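Take a look at the structure set out below.
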Amino acid sequence: METSKHELRSKLPNVATTIFTRIGNLAREHNALDLSQGFPNFEMDPELIALTTEAMKKGFNQYAPMQGYFGLRTAIADKIQRLHGRTYDPDTEITVTVGATQAIFTAITAFVHPGDEVIVLKPAYDCYEPAIVLNGGIPIPVQLNNTDFKVDWALLKSKITAKTRMLIINTPHNPSGRVFSENDMLQLQEILKPTNIILISDEAYEHLVFDERVHWSAARFTDLASRTFVCASFGKTFYITGWKMGYCAAPKALMTAFLKIHQFAVFSIHHPVQRAMAVYLQNADRYLGLPAFYQQKRDFFLGQLDRSKFTFTPTEGTYFQLLDFSEWSNDSDEAIAERLIVAHKLACIPISSFNEGRLDHRLLRFCFAKTEETLEQAAAILNRL
Ligand SMILES: Cc1ncc(COP(=O)(O)O)c(C=O)c1O
């Protein structure tokens, strides 16, 4: 087919197919075990299916209120209050979204004007920069340290200019698994205090923190909370990534601007699942039990890698584990990832694609939200390399 002029005028001319699509396609082509994309391969809780079915049967099949079903917004506000001690008004400060992605996109669209700068910590999840660019903003990358992925706060501070409109953080962090400490958040708070910078805190993996760590949500810190969109994902939390359901919490003034976009881009999300989630969230064990559940999977996976050449530090949070091959190969991470799929039938994500200038630290990301059988098979392949 002839290329149309419309395609040539794409607003994202430099964005190619994402690494997830490319790796996913290659994995399917070679029938590889897929530990690349971040989704569980075990069944979701049938109780949530039953609650959704019940909501549909009860007739909750028409539009929900624009910000989301009030009962769910209340349940979310209660959860944040219980976990982080911050009160958000469910009427004006909580919105139910199409996953964390839409919350992030909408918050960026609501505030980023042409020429505004937005600081992004690299490696970064791939939805931030296209949203910034689409709104005429300029992403300002700050590369994280490649061994422990700590933020160099002095470096970050040096990137702030009069044009800095927004900063995006992500804790627990994809792809490194690093969890910000209380001290990180306090340093961030001090840096932002004299500014008008809006913070997006991507907390999609809020419940996946290991080894007794605490998730230091931006909601816990008074000054940070006053300028932050906390964005979260029920898809990640309750292994229902296909439901694309999340939420965001922000002070009223920020949320009012957010809703001006949300009402036209989305209006409201699937009503029956909101009804179901409102009931499901009443039992806090459903999310408080997740660290133990996933830590057991992390430890199982790493325990199986006893004969592997890879080096690693157990991940602090998320359901991703980085494996380092720098000691035994100088090949690029993309080349190794491709070889793993084609020759060994195992898929993972090379993390250079998340880095500024595709910086390659010889690290591969594996998703361990998988059954023990899958993890065992993956580890057996990695041990044979
Ligand atoms: C850091 C991060 N933020 C946001 C998302 C998107 O979440 P959702 O599927 O709820 O839109 C992901 C998904 O992989 C992620 O890793």
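The values are calculated or read from the model by the stated rules, or taken from the named source; none is laboratory data. All of these numbers come straight from a predicted model, not from anything done at the bench. Cβ placement follows ideal geometry from the backbone for every residue including glycine, while neighbour counts extend to all protein chains displayed. Heavy atoms of the whole protein, side chains included, go into the accessibility calculation; ligands, DNA and RNA do not. Shrake-Rupley method; radii C 1.70, N 1.55, O 1.52, S 1.80 Å.
Charged neighbours of D148, selected by a Cβ distance under 13 Å, balance to -2 (K, R count +1; D, E count -1).
In a reduced charge model with +1 at each Lys and Arg Cβ and -1 at each Asp and Glu Cβ, segment 121-278 shows a dipole moment near 540 debye about its Cα centre.
Projecting the Cα atoms of T17, L51, L35 onto the dipole axis of segment 1-77, where Lys and Arg carry +1 and Asp and Glu carry -1 at the beta carbon, places T17 farthest toward the positive end. Put a plus charge on the Cβ of each Lys and Arg, a minus charge on the Cβ of each Asp and Glu, and nothing anywhere else: the dipole of segment 245-385 about its Cα centre is then about 540 debye. Ignoring ligands, DNA and RNA, please state the percent of accessible area on segment 269-385 from carbon and sulfur, probe 1.4 Å. Exposed carbon and sulfur together represent 48 percent of the surface.
When every Cα-Cα distance of segment 1-108 is counted in 5 angstrom steps from zero, the calculated P(r) takes the values 2, 8, 9, 12, 15, 14, 13, 13, 9, 4, 1, 0 percent.
Show log10 I(q)/I(0) for segment 238-277 at q = 0.17, 0.20, 0.26, 0.33 Å⁻¹, two decimals, from a solvent-free Debye sum over equal Cα scatterers. The Debye formula, applied to the Cα set alone, gives -0.58, -0.75, -0.99, -1.11.
Qualifying trypsin sites (Lys or Arg not before Pro) in segment 110-214, where qualification requires a DSSP coil assignment and no more than 10 other C-beta atoms within 10 Å, are lacking entirely. Of the residues H207, Q189, V230, the one whose Cα sits farthest toward the positive end of the charge dipole of segment 186-256, with +1 on the Cβ of Lys and Arg and -1 on the Cβ of Asp and Glu, is V230. Potential lengthening of the chain between L359 and R82 amounts to 95.7 nm, from the contour at 0.36 nm per residue minus the alpha-carbon distance.
A simple charge model with +1 on the Cβ of Lys and Arg, -1 on the Cβ of Asp and Glu and nothing else charged puts the dipole of segment 145-209 at about 400 debye relative to its Cα centre. Among the protein heavy atoms of segment 108-162, carbon and sulfur supply 57% of the accessible surface, probe 1.4 Å, non-protein parts ignored. Leaving out ligands, DNA and RNA but keeping every protein chain, what accessible area does I140 have, in Å² rounded to the nearest 10, with a 1.4 Å probe? Number for this one is 30 Å².
A convex hull fitted to the Cα coordinates of the chain yields 155 cubic angstrom per residue. Max-minus-min Cα coordinates of segment 58-124 on each principal axis give 47, 32, 23 Å, with the largest extent listed first. Shape summary of segment 161-315, radius of gyration then Dmax from alpha carbon positions: 17.8, 55 Å. Averaged per residue, the chain has 44 square angstrom of accessible surface, using a 1.4 angstrom probe with ligands and nucleic acids left out.
Computed with the Debye formula from one identical point scatterer per Cα of segment 38-187, without solvent, the log10 of I(q)/I(0) at q = 0.14, 0.21 Å⁻¹ comes to -0.93, -1.38. The gain in end-to-end length when the I49 to T222 segment is fully stretched comes to 58.6 nm, 0.36 nm per residue minus the alpha carbon separation. Under 5 Å between amide hydrogens, built in the peptide plane, is the criterion, and for L121 it picks out V142, I168 among residues at least 5 positions away or on other chains. Taking the Cβ of A110 as the center, what net charge do the other residues with Cβ under 15 Å away carry, scoring Lys and Arg +1 and Asp and Glu -1? Charge balance near A110 sits at +2. Excluding I132 itself, what net charge comes from residues whose Cβ is under 10 Å from its Cβ, given Lys and Arg +1 and Asp and Glu -1? In short, -2. Here the translational diffusion coefficient of segment 270-355 follows from Stokes-Einstein with Rh set to the Kirkwood radius across Cα pairs; for 10 °C and 1.306 mPa s it amounts to 99 µm²/s. In the chain, helical runs assigned H by DSSP with n ≥ 4 each contribute -39500 (n - 2.57); averaged across all residues and rounded to the nearest 500, the mean residue ellipticity at 222 nm is -11500 deg cm²/dmol. If R0 is taken as 25 Å, the Cβ-Cβ distance between T161 and S181 corresponds to a FRET efficiency of 0.40. The percentage of C-alpha pairs in segment 227-385 whose separation is greater than 25 Å is 48%.
Note on surface exposure: R28, R275 rank R28, R275 by accessible area, highest first, 1.4 Å probe.
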